[in-house]
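The values are calculated or read from the model by the stated rules, or taken from the named source; none is laboratory data. Treat the numbers as computed from the prediction; the structure is a model and nothing was measured. Cβ coordinates were reconstructed from backbone atoms using ideal geometry, including for glycine residues, and neighbour counts include every protein chain displayed. Surface areas here come from the heavy atoms of the whole protein model, side chains and all, with no ligands, DNA or RNA. Shrake-Rupley method; radii C 1.70, N 1.55, O 1.52, S 1.80 Å.
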Amino acid sequence: MNVDLPAAYWLGLLTSVVLPVLVGLVTTRVTSAGLKATLLLALSAATGFVIEYAGPHDAGYSVGTAAVLALVSFGTGVLTHFGFWKPVGVAGRAQDSFAKAA
């Protein structure tokens, strides 16, 4: 089985892995978890729709595909946050560095 995805989709997946760190950079430790999750969801939705717009299409832009890409982006962001960024301490350090800069 060969996986042949366009470069735009691989870029979207890579962006999804980095989104939780971006959310940590623009929020503080006292920001509620619900607001952080909402921000991650909004950024994931934007990523999904932009990636679908940038990807090569024979049949044109598909809102359904963009919605699926947004869900995959959000799921990837949540999983990488709890499975990778939080355990190694990157999430906390990102918020600490922003607090020092402000």
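The long axis of helix 7-26 is offset from the longest Cα principal axis of the chain by roughly 20 degrees. Taking a sphere under 13 Å around the Cβ of T27 and counting the other residues whose Cβ falls inside, with K and R at +1 and D and E at -1, yields a net charge of +1. The portion of the accessible surface of the chain made up by carbon and sulfur, rounded to a whole percent, is 72 (1.4 Å probe; DNA, RNA and ligands excluded). The charge dipole of the chain, taken about its Cα centre with unit charges on the Cβ atoms of Lys, Arg (+1), Asp and Glu (-1) only, comes to about 580 debye. Estimated purely from DSSP H runs of n ≥ 4, each contributing -39500 (n - 2.57), the mean residue ellipticity at 222 nm for the chain is -24000 deg cm²/dmol once divided by its residues. If the chain linking V18 and A46 were pulled fully straight, counting 0.36 nm for each residue of separation and taking away their Cα-Cα distance, it would gain 8.7 nm.
Counting charges near A8 (Lys, Arg +1; Asp, Glu -1) among other residues having Cβ under 15 Å from its Cβ returns a value of -3.
Take the Cα of F84, step 7 Å toward its Cβ, do the same at L39, and the gap between the two points is 2.0 nm.
Of F49, T80, S62, which is farthest on the positive side of the dipole of the chain, counting Cα position, with +1 on Lys and Arg Cβ, -1 on Asp and Glu Cβ, and the Cα centre as origin? Highest projection toward the positive end goes to T80. Take the Cα of R93, step 7 Å toward its Cβ, do the same at A7, and the gap between the two points is 3.0 nm. Backbone geometry of region 39-56 corresponds, through the Karplus equation with coefficients 6.51, -1.76 and 1.60 at θ = phi - 60°, to 3J(HN,Hα) couplings of 5, 4, 5, 5, 5, 5, 4, 4, 4, x, 6, 5, 5, 5, 5, 7, x, x Hz, x marking Gly and Pro. Using the Cβ of H81 as centre and a radius below 14 Å, the other residues enclosed give a net charge of +3, where K and R count +1 and D and E count -1.
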